[in-house]
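Before any comments, here is the structure.
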Amino acid sequence: MLRTAFKTAAIRNVVAKRSISSTPAALSDKLFVHRDTSDNNANVKFEFNAENLKRAEEIMAKYPPQYKKGAIMPLLDLGQRQLGWTSLPVMNTVAKMVEVPPMRVYEVATFYTMYNREPVGKYFLQLCTTTPCQLCGSTEILKTIEKDLGIKVGETTKDGKFTLVEVECAGACVNAPVLAVNDDYYEDLTSETTIKVLQSLKAGKPIKAGPQSGRLTCEPKGGLTSLTSEPTGPGFMIRPDL
């Protein structure tokens with residue numbers, strides 16, 4: 001009886017433990033495992049053009065010879081700007097330049113989401129959907145972009161012009177909601193201004209980046225509430241004998 005009771009308790013304990021680890025793993029839309037394709041394999045050649053090679057040499061000159069690997073990130077960024085994305089050949093070229101095993105470069109490229117390891121469109125749309133932007137309407141902005149371009153998050157338009165992704169905090173919460181288009185931020189967006197931005201990109205004539213609400217930068221929408229008078233001059237509230 002006692003042995004049976006202990007055995008039953010042990011089985012229940014195992015079942016309880018197994019139920020904890022049965023939660024399905026969360027999936028990611030990022031590529032962390034390389035798979036050779038016709039345009040992304042070790043046999044494809046990549047070289048910096050003359051202009052970027054000069055820039056690469058300037059970047060590497062900032063680091064002592066024994067710390068060349070410190071240039072990995074800016075060199076990857078330079079390669080991505082030339083090719084449009086960070087392919088395996090780009091990573092291998094950078095590895096040779098800084099004289100490290102290719103794996104050291106792969107580790108960097110797979111850690112930072114700024115490196116696109118798959119081709120993206122001419123206009124890379126990164127919509128912030130973190131809490132401040134979400135509270136200011138980023139969900140509606142996302143629906144507007146998807147409807148206007150006919151794509152979902154993670155997809156590229158058939159003409160190769162637009163790729164849409166969601167990102168975590170663009171660091172411009174005071175101008176939420178924010179959409180990054182390549183290196184430019186379009187801020188204070190509404191559905192209407194978002195469509196204007198997209199139409200200008202389709203026409204190849206991007207409108208001015210920054211706040212789309214009429215604000216100059218990130219000043220209060222309702223006007224200044226402080227620093228409204230003329231600033232005081234030198235010596236204000238300083239003792240006259242000093």
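Taking N as the number of residues in segment 26-127, what is its alpha-carbon radius of gyration divided by 2.2 N^0.38 Å?
Numbers: Rg = 13.7 Å, N = 102, 2.2 N^0.38 = 12.8 Å.
Rounded to two decimals, the normalised Rg is 1.07.
How big is the chain on each of its three principal axes, counting only the C-alpha atoms and giving the largest first in Å?
On the principal axes, the chain reaches 94, 58, 56 Å in Cα extent.
If you average over every viewing direction, what projected area does the convex hull of the Cα atoms of segment 32-81 give, in nm²? Numbers along the way, then the final one.
Values: hull surface 18.5 nm².
Over every viewing direction, the Cα hull of segment 32-81 projects on average to 4.6 nm².
Which ³J(HN,Hα) values in Hz, rounded to whole numbers, follow from the phi angles of segment 101-107 under the Karplus curve 6.51 cos²θ - 1.76 cosθ + 1.60, where θ = phi - 60° and Gly and Pro get x?
With coefficients 6.51, -1.76 and 1.60, one gets x, x, 4, 5, 6, 4, 4 Hz.
With a cut-off of 20 Å, note down the residues of segment 212-230 whose backbone N falls inside the zone around a label point 7 Å from the Cα of MET237 toward its beta carbon.
225-230
Considering amide H positions built from the backbone, and no H for Pro or chain starts, which residues 5 or more places from TYR185, or on another chain, come under 5 Å of its amide H?
Amide H neighbours of TYR185, under 5 Å, 5+ apart: GLY210.
So in the chain, what percent of DSSP beta bridges are antiparallel if you round to the nearest 5?
Of all bridge pairs located within the chain, approximately 50 percent are antiparallel.
Apply the Karplus curve 6.51 cos²θ - 1.76 cosθ + 1.60, θ = phi - 60°, to the phi angles in segment 228-234 and return the couplings in whole Hz, x for Gly and Pro.
Along segment 228-234, the couplings run 9, 10, 5, x, 6, x, x Hz.
Roughly how many nanometres apart are two label points built 7 Å out from the Cα toward the Cβ at THR139 and ASP77?
Computed distance between label sites THR139 and ASP77 equals 3.4 nm.
Keeping every protein chain in place, order TYR186, TYR106 by accessible area at 1.4 Å, biggest value first, i.e. largest first.
Result, largest first: TYR106, TYR186.
When you take every Cα atom in segment 200-240, what is the radius of gyration, and what is Dmax, the widest Cα pair distance, in Å?
19.4, 64
Determine the order of ASP159, ASP188 by accessible area, beginning with the largest, at a probe radius of 1.4 Å.
ASP159, ASP188
Counting only DSSP beta bridges with both residues in segment 87-220, tell me the antiparallel percent, nearest 5.
45 percent
From the phi angles alone, apply the Karplus equation (6.51, -1.76, 1.60; θ = phi - 60°) to segment 126-142 and give each ³J(HN,Hα) in whole Hz, x where the residue is Gly or Pro.
Each residue of segment 126-142 in turn: 10, 9, 7, 10, 6, 3, x, 5, 5, 5, 9, x, 5, 4, 5, 5, 4 Hz.
Using modelled backbone amide H atoms (1.01 Å from N, in-plane), which distant-in-sequence or interchain residues come within less than 5 Å of LYS161's amide H?
LYS122
In segment 143-204, carbon and sulfur make up what percent of the accessible area (probe 1.4 Å)? The partial results should precede the final answer.
Details: 1540 of 3080 Å².
Whole-percent figure for carbon plus sulfur exposure: 50.
Suppose the chain between LYS122 and ASP148 were pulled fully straight at 0.36 nm per residue; how much longer would it get relative to their current alpha carbon spacing? The partial results should precede the final answer.
Working: separation 26, 0.36 × 26 = 9.36 nm, distance 1.66 nm.
Separation in residues times 0.36 nm, less the Cα-Cα distance, equals 7.7 nm.
Keeping all protein chains in place, calculate the accessible area per residue for the chain (probe 1.4 angstrom), answer in Å².
Result: 68 Å² of accessible area for each residue.
For the chain, what is the charge dipole size about the Cα centre, in debye to the nearest 20, if Lys and Arg each add +1 at the Cβ and Asp and Glu each add -1 at the Cβ?
Values: 30 positive and 26 negative charges, 237 e Å.
Computed charge dipole of the chain: roughly 1140 debye.
Place +1 on the Cβ of every Lys and Arg and -1 on the Cβ of every Asp and Glu in the chain, take the dipole about the Cα centre, and give the residue among TYR185, CYS218, MET103 whose Cα lies farthest towards its positive end.
Positive-most Cα among the choices belongs to MET103.
For segment 69-177, with equal point scatterers placed on the C-alpha atoms only and solvent neglected, what are the log10 I(q)/I(0) values from the Debye formula at q = 0.12, 0.23 1/Å, to two decimals?
Result of the Debye calculation: -0.51, -1.12.
The values are calculated or read from the model by the stated rules, or taken from the named source; none is laboratory data. If you're wondering where the values come from, they're calculated on a predicted model, not measured in any experiment. Cβ atoms come from the backbone with ideal geometry, glycine included; neighbour counts cover every protein chain shown. The protein model used for the area step is the full one, side chains on, heavy atoms only, and it has no ligands, DNA or RNA in it. Shrake-Rupley method; radii C 1.70, N 1.55, O 1.52, S 1.80 Å.
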